[in-house]
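To start, the structure under review is shown below, and the notes come after it.
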Amino acid sequence: MLDPRLLRAFVSIVDVRSFTLAADRLHMTQSTISQQLGRLEQAVGGELIDRTTRPIQPTAAGERLLGYARRILSLQDEAEMLLSDPAGTAAIRIGVPDDIVTLAMARTFATFAEQHREVRLDVTTGLSRDISERFHAGEFDIVVVKEPTASVDRRASFPEPIGWFESVEHSGEWPDPIPLVAFPADGLYRDAMFERIERERRRWYIAFTGSSLDGVLVAVEAGLGLSLIPAGAAAGRRVRPHAGFGIERAMVVSVYSWEQDGPIDDLVGLMTGVLAKRTSARHPLAGRRRRLYGPAATKKARR
């Protein structure tokens, strides 16, 4: 392997056509630069500089090596510059359900990345229970999870309305047993769906299992069956609330982090702001919720 220091001495000598000027350029003595050239010539097995000419010139071997030497030195300078730049050298590991990574959340990540160039965001999507377990095992720095109730150590939490949805193209009654569109095993909504339909004493079967929220929504849109899904995720999709089971108790979207200062705290604040706006947005059950739990409904209940 050719030593870049020796190559730099050789290139400098060729560029300025002088051992003395090359030594001044590299801030070394003439004897040192002559020694470095000699070591390089020994490594390649031949003379690289014709010392008899004035000004000095590269030999034929030197001319052949010169282009490669410049490329090697250029790559070395580029690598040193890259490694001296702290951009992306510190990772913040984030775990979230897939429907949390919205355009608004992605823009928040982009804003944070502009303000903290040294940080690389490693985002993993998955089921809330798996994300929570991995967080407590130390695999994530920040997580957003959905859960029945929030823990006391949460950084923030927001209600997550959920409901039963069916395709807008479905007509008539669902058959017995009822076809269900479900999330994978250990999915939070899957368990809640089974518990509710068992309370209703209805017979059911799994007609389709989707590995993601989008996959479940597409299956519901296609009319494969009913499903219990976040109401906010149903907005803009070809699904409608299924009246048969009414409104489910809202779940909670919670934010957790190990650190509460520095860049992680800044990012938690930005993510919390996005989740707060997400919660306040209208969703397919908003009108129903007002009709069921609004002032008129409360007054009627009291009578």
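The values are calculated or read from the model by the stated rules, or taken from the named source; none is laboratory data. All figures in this text were calculated on a predicted structure; none of them were measured in a lab. Every residue, glycine among them, receives a Cβ derived from its backbone with ideal geometry; neighbour counts consider all protein chains shown.
Would you tally the residues in region 103-141 being among the aliphatic types (A, V, I, L, M) and either touching a strand residue (DSSP E or B) at 6+ places or on another chain (Cβ under 6 Å) or not assigned by TED's automatic domain parsing to the domain that holds Ser257 (or both)?
Step one: list which residues in region 103-141 are among the aliphatic types (A, V, I, L, M), which gives 103-106, 110, 113, 119, 121, 123, 127, 131, 137.
Checking the rest, the ones that are also either touching a strand residue (DSSP E or B) at 6+ places or on another chain (Cβ under 6 Å) or not assigned by TED's automatic domain parsing to the domain that holds Ser257 (or both) come to 119, 121, 123, 131.
Qualifying residue count, region 103-141: 4.
Looking at region 211-224, can you tell me whether even one residue there is without any contact (Cβ under 8 Å) to a residue 12 or more places away in the chain and not acidic (Asp, Glu)? Show your work before the answer.
Residues of region 211-224 without any contact (Cβ under 8 Å) to a residue 12 or more places away in the chain: 215, 218.
Okay, now just the ones that are also not acidic (Asp, Glu), so 215, 218.
Looking through region 211-224, at least one residue is without any contact (Cβ under 8 Å) to a residue 12 or more places away in the chain and not acidic (Asp, Glu).
Within region 196-222, how many residues are surrounded by 17 or more Cβ atoms within 10 Å (Cβ to Cβ) and assigned to a loop (DSSP other than H, G, I, E, B)?
Of the residues in region 196-222, 1 are surrounded by 17 or more Cβ atoms within 10 Å (Cβ to Cβ) and assigned to a loop (DSSP other than H, G, I, E, B).
Is there a residue being within 16 Å of the chain's Cα centre (by Cα), within 30 Å of Ser211 (Cα to Cα) and of a type outside the set (A, V, I, L, M, F, W, C) anywhere in region 83-96?
Looking for residues that are within 16 Å of the chain's Cα centre (by Cα), within 30 Å of Ser211 (Cα to Cα) and of a type outside the set (A, V, I, L, M, F, W, C), one finds at least one in region 83-96, hence yes.
Taking the stated definitions as given, is Ala79 part of a helix (DSSP H, G or I), under 49 Å from the mean Cα position of the chain (by Cα) and surrounded by 13 or more Cβ atoms within 10 Å (Cβ to Cβ)?
So Ala79 fails the test.
Just one of (1) exposed (fewer than 15 other Cβ atoms within 10 Å of the Cβ); (2) under 30 Å from Gly210 (Cβ atoms) trips up Val101, so point out which.
Against the list (1) exposed (fewer than 15 other Cβ atoms within 10 Å of the Cβ); (2) under 30 Å from Gly210 (Cβ atoms), Val101 comes up short only on (1).
Which condition from (1) in contact with a helix residue (DSSP H, G or I) (Cβ under 9 Å, 6 or more places away or on another chain); (2) at pLDDT 90 or above; (3) surrounded by 14 or more Cβ atoms within 10 Å (Cβ to Cβ) is the one that Asp130 breaks?
It fails just one condition, (1).
Could you tell me which residue of region 113-141 is farthest from Tyr256 (Cα to Cα), considering only residues that are in a helix (DSSP H, G or I) and polar (S, T, N, Q)?
Taking region 113-141 and keeping what is in a helix (DSSP H, G or I), we get 113-115, 128-136.
Add one more test, that the residue is polar (S, T, N, Q), and what stays is 115, 128, 132.
Numbers: Gln115: 22, Ser128: 12, Ser132: 9 Å.
This residue is Gln115.
In region 42-68, what count of residues is obtained for those that are more than 12 Å from Leu7 (Cβ to Cβ) and modelled with pLDDT of 90 or more?
Let us first name the residues in region 42-68 that are more than 12 Å from Leu7 (Cβ to Cβ), namely 42, 45-47, 49-61, 63-64.
If we keep only those that are modelled with pLDDT of 90 or more too, we end up with 42, 45-47, 49-50, 57-61, 63-64.
Qualifying residue count, region 42-68: 13.
From Ile264, Ile229, which residue is under 18 Å from Asp98 (Cα atoms) and touching a residue at least 40 places away in the same chain (Cβ under 8 Å)?
Numbers: Ile264 fails: under 18 Å from Asp98 (Cα atoms).
It is Ile229.
Cβ contacts < 7 Å: first residue at negative phi and loosely packed, with under 15 Cβ neighbours inside 10 Å, restricted to region 39-54; second residue of a type in the set (Ser, Thr, Tyr) and at pLDDT 90 or above, any location; separation 6+ or different chain. Result?
Asp50/Thr59
Show the residue pairs meeting these rules: Cβ distance below 6 Å; 6+ apart or different chains; first residue within region 151-169 and within 20 Å of Gly269 (Cβ to Cβ); second residue assigned to a strand (DSSP E or B) and aromatic (Phe, Trp, Tyr).
Taking only residues 6 or more apart or on different chains, the pairs are Arg154/Tyr256.
In region 230-249, how many are modelled with pLDDT of 90 or more and either β-branched (Val, Ile, Thr) or assigned to a loop (DSSP other than H, G, I, E, B) (or both)?
Looking only at that region, the number is 4.
Filter region 149-194 for residues that are modelled with pLDDT of 90 or more and exposed (fewer than 13 other Cβ atoms within 10 Å of the Cβ) and give the result.
If the condition is that a residue be modelled with pLDDT of 90 or more and exposed (fewer than 13 other Cβ atoms within 10 Å of the Cβ), then Thr149, Ser151, Val152, Asp153, Pro159, Glu169, Pro175, Asp176, Pro177 are the ones that fit.
Can we say Ile100 is on the phi < 0 side of the Ramachandran plot, among the β-branched types (Val, Ile, Thr) and within 12 Å of the chain's Cα centre (by Cα)?
Considered against the rule, which asks whether it is on the phi < 0 side of the Ramachandran plot, among the β-branched types (Val, Ile, Thr) and within 12 Å of the chain's Cα centre (by Cα), Ile100 comes out as yes.
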